[in-house]
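Undergrad: Before we start, here is the structure in question, set down as structure tokens.
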Amino acid sequence: MRILMAWLVALVTALFCQHEFEQAVGLPLSTASRWIVDERGRRVKLACVNWASHLEPVLAEGLGNRPMGAIAGEVAAMGFNCVRLTWPTFLLTHSSFSCLTVTQSLQRLNLTESLTGVRVHNPSILDLTLIDALKASLLGESNVMVILDNHVSKPGWCCSNGDGNGFFRDTYFDPVVWVQGLTEMARLFAGVPNVVGVSLRNEPRGPRQNTDDWYKYMQLGAEAVHTANPCVLVILSGLSFDTDLSFLKDRQVALSFVGKLAFEVHWYSMSATRAWQAGNANEVCARCAASVSRRALYLLDQGWPVLLSEFGVDNTGGTLANNRYWGCVAAVAADMDLDWALWALQGSYYTRHGVVGSDEKYGVLDGDWAGPRNRTVLTRIRALQRRFRRPVLFHPATGRCVRVSSSCRRSSSS
């Protein structure tokens, strides 16, 4: 019913939302029931964008196109207050990556054009090791918060069931090495105040996945991160490509710390593409939203923060399934006032699947990183970037809404 009402609102109003400005965030962050709060106990809404740094070059995308500071400024100017910055375990645990400089990494992949671009736009990182280059990408000067997301073990595109990165004991996913990598990453960034969270692993999946190993190793990883850096939020993802946390209904994780644990879920249109294309949009939305709620968002009612850490659409437009899905996911995000991370910032990649300069249609930046790919998209997410302090009528297709004034409410008596 709540979802259907959110869709009916789209027929009622298309007025701009008016939001009070967020106060400066006092770090570090903690949790209070389902909310993320700052050091003063004030709610902080995470409105993030994913920034990939886990592919073969192991370098934040776009540094061959624009100066690092310009990219950071663009993130802030577009209204995002944080990035979910991805990284591979091998960056810290495998000598073939941990000792490489940025120049060496790009040279070994024959990315001569990208190397030339970095030399022009970010010359100061050329001789840095890859981990030091990651540190330099943390956007602190723009007051943008960072969640470090362990996306894969072996650098490369994610994700498939058979890529060797899916679940504990897969070809490249040694749980002991993984814990070592998490520990070192948490330790290295313990003194960086705008690093506010560590996401333990992106999209667990594949034929090996099971709940017993999930509990065993996720709890080990969570304890390792907290011990190395007790200031950061520890964020756990679910099974089946981070779409399923339903098993926590019967058994919650057991950790030695409190006030720092959150969960994450992913939701894309491809989970129900045919239904979005052919079905009644309201009915499909109701079914899909109910499924996401049963599998993950129910944790909000149990007093746990849940970050919608990946969602997004093809920003070139014209995809029926994506357009219908977007209205639904935006309505849910508004209705539940979710914390979230949009996929993705990058407009292109140094290389993806062997294609140099591969375009990212889901990117909010264009392929040249010169500016927004689709300004309509930024308008649609503007309301979602602020917390809703009062009831609003929300129009998910445009991202516009109107506040419900208390003077409009009627009392009833029996």
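The values are calculated or read from the model by the stated rules, or taken from the named source; none is laboratory data. If you're wondering where the values come from, they're calculated on a predicted model, not measured in any experiment. Positions of Cβ are generated from backbone atoms using ideal geometry, with glycine treated the same way; all protein chains shown enter the neighbour counts. Surface areas here come from the heavy atoms of the whole protein model, side chains and all, with no ligands, DNA or RNA. Shrake-Rupley method; radii C 1.70, N 1.55, O 1.52, S 1.80 Å.
Undergrad: If you take the residues in the stretch 188-230 that are open to solvent by 10 Å² or more (accessible area, probe 1.4 Å) and basic (Lys, Arg), which one is farthest from Ser153 (Cα to Cα)?
TA: The residue in question is Lys216.
Undergrad: Criterion first (modelled with pLDDT under 70 and under 17 Å from Gly327 (Cα atoms)) does Val404 satisfy it?
TA: Considered against the rule, which asks whether it is modelled with pLDDT under 70 and under 17 Å from Gly327 (Cα atoms), Val404 comes out as no.
Undergrad: Also, I was wondering about something else. Please enumerate the residues belonging to the stretch 145-167 that are crowded, with 21+ Cβ neighbours inside 10 Å and either part of a helix (DSSP H, G or I) or not small (Gly, Ala, Ser) (or both).
TA: Met145, Val146, Ile147, Leu148, Asp149, Asn150, His151, Val152, Pro155, Asn165, Phe167, listed by residue number.
Undergrad: Let me ask something additional. In the stretch 176-187, which residues are closer than 23 Å to Lys260 by Cβ and crowded, with 16+ Cβ neighbours inside 10 Å?
TA: Trp178, Val179, Gly181, Leu182, Thr183, Glu184, Met185, Ala186
Undergrad: Go through (1) surrounded by 22 or more Cβ atoms within 10 Å (Cβ to Cβ); (2) touching a helix residue (DSSP H, G or I) at 6+ places or on another chain (Cβ under 6 Å); (3) over 29 Å from Arg66 (Cα atoms) one by one and return the number of the condition Phe173 breaks.
TA: Of the numbered conditions (1) surrounded by 22 or more Cβ atoms within 10 Å (Cβ to Cβ); (2) touching a helix residue (DSSP H, G or I) at 6+ places or on another chain (Cβ under 6 Å); (3) over 29 Å from Arg66 (Cα atoms), the odd one out for Phe173 is (2).
Undergrad: Separate question: Could you check the stretch 53-141 for helices (runs of 4 or more DSSP H) lying wholly inside it with 2 or more residues that are polar (S, T, N, Q) and open to solvent by 10 Å² or more (accessible area, probe 1.4 Å)?
TA: In the stretch 53-141, 95-98, 102-108, 112-121 are the helices (runs of 4 or more DSSP H) which contain 2 or more residues that are polar (S, T, N, Q) and open to solvent by 10 Å² or more (accessible area, probe 1.4 Å).
Undergrad: Can you confirm whether the stretch 25-33 contains a residue that is within 19 Å of Gly303 (Cα to Cα), open to solvent by 40 Å² or more (accessible area, probe 1.4 Å) and modelled with pLDDT of 90 or more?
TA: Yes: one or more hits.
Undergrad: Would you be able to tell me the number of residues in the stretch 264-284 that are out of contact with any helix residue (DSSP H, G or I) (no Cβ under 6 Å at 6 or more places or on another chain) and either of a type in the set (S, T, N, Q) or closer than 25 Å to Ser237 by Cβ (or both)?
TA: Here the count works out to 5.
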